Structure formats: structure tokens, C-alpha cells
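Working notes, structure below.
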Amino acid sequence: MRVVVIGLGPAGPELLTAQALAAIEAIPHRHLRTTRHPAAVAVPDAVSFDGRYEAEPTMAAVYRGIVDDLVAAAAEHGEVLYAVPGSPSVAEHTVELLRADDRVALEVLPAVSFLDLAWDRLGVDP
């Protein structure tokens with residue numbers, strides 16, 4: 001059982017990496033943390049977790065529920081794609097929880113983060 005995580009980047013689909021696009025193409029069982037992102041349209045036929053934000057009493061419950069749903073989907077399908085806003089390595093609690101969860105193998109593909117754009121626009125070399 002495997003979850004492949006991609007980042008949707010800081011803007012529209014034009015900033016998706018080639019790796020992310022290849023994963024979207026290769027993995028038919030797709031999930032989006034939220035559809036409220038400009039690049040979400042690049043992940044067709046994805047199951048969204050938007051409803052969890054209204055249904056759960058706390059953010060901790062939202063994130064735990066997302067992880068449990070992803071683990072169940074990976075158990076059913078063998079492999080699932082999970083797309084998150086921005087970079088999966090920057091302030092993405094669900095990815096932290098997945099890293100700590102021994103029920104699934106995890107592959108995290110790097111993505112452009114909002115920090116990359118901010119540093120560029122500010123002329124800052126971090």
C-alpha cells in the first residue's frame with residue numbers, strides 16, 4: 001500500500017512539476033486535500049476532502065480523518081495519489097502524519113513552494 005504525495009504549487013497548473021504531472025497521469029485513484037486551489041483542476045476525477053473541514057470539530061480531527069481515509073483508499077487500491085496545496089514539505093500537517101504512519105509506504109514528490117516565489121519577487125537569496 002502506497003500514498004504518493006504531490007504539491008500543487010503556489011499558483012495555477014503552470015507551476016506543477018513534471019514529476020507531479022507524471023504521477024497524476026500514472027495513478028488513477030486521486031485525492032485532493034482541497035479543491036480550493038488554482039491548480040486543483042489539473043487533478044481530474046479526484047476525491048476531495050473539503051467536506052471534512054465542515055464535518056469535523058477540530059483541525060486535528062480533519063487531518064487525522066484525511067490520513068485514515070488515504071490509508072483505507074491505499075488498502076483498497078494499492079496506490080493512491082494525494083495532492084496538497086503548495087509544497088508537501090512546507091507546513092503540511094497531513095504529510096507529517098503520513099510520514100509517521102507505518103500502515104502505508106509514502107513517496108513525497110517535491111514541489112514549488114510559495115517561498116520560492118516570495119524570495120524571487122523580493123530578490124532574496126535564502
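The numbers here are math on the coordinates, done by the rules we state, and not lab data. Predicted model only: the values in this text are computed from it and were never measured. Glycine also receives a Cβ, built like all others from the backbone with ideal geometry; neighbour counts cover every protein chain displayed.
Look at the alpha carbon pairs under 8 Å that are at least 6 residues apart: their mean separation over the length of the chain gives a relative contact order of 42 percent. When the chain is treated as a GNM, springs tying every alpha-carbon pair under 10 Å, which of PRO57, PRO28, PRO38 comes out with the largest mean-square fluctuation? Among PRO57, PRO28, PRO38, the largest GNM mean-square fluctuation belongs to PRO57.
Output the Kirkwood hydrodynamic radius of the chain, Cα pairs only, in Å rounded to one decimal.
The answer is 14.7 Å.
Each label point was placed 7 Å from the Cα along the Cα-to-Cβ direction; for ALA18 and LEU97 their separation is 3.4 nm.
Here the spin labels are modelled as points 7 Å beyond Cα on the Cα-Cβ line, and at ALA61 and LEU122 they lie 3.7 nm apart. Averaging the sequence gap over all C-alpha pairs within less than 8 Å and six or more residues apart, then dividing by the number of residues, gives segment 22-61 a relative contact order of 35 percent. Over the chain, dividing the summed -39,500 (n - 2.57) contributions of all DSSP H runs of at least 4 residues by the number of residues returns a 222 nm mean residue ellipticity of -12000 deg cm²/dmol.
Ordering of 4-10, 20-26 by packing is 4-10, 20-26, highest average first (other Cβ atoms within 10 Å, averaged per residue). When both segment 42-64 and segment 82-126 are represented by their alpha-carbon centers, they are found 18 Å apart. According to a simple spin-label model (label point 7 Å from Cα along Cα-to-Cβ), what is the distance in nm between GLU54 and ARG36? Here the modelled spin labels are 1.1 nm apart.
Enter the angle in degrees (range 0 to 90, nearest 10) between the Cα long axis of helix 59-77 and the first principal axis of the Cα atoms of the chain, meaning the one along which they spread out most. That helix lies at roughly 70 degrees to the long axis.
With Cα atoms as the point set, segment 18-58 shows a radius of gyration and Dmax of 11.8, 37 Å.
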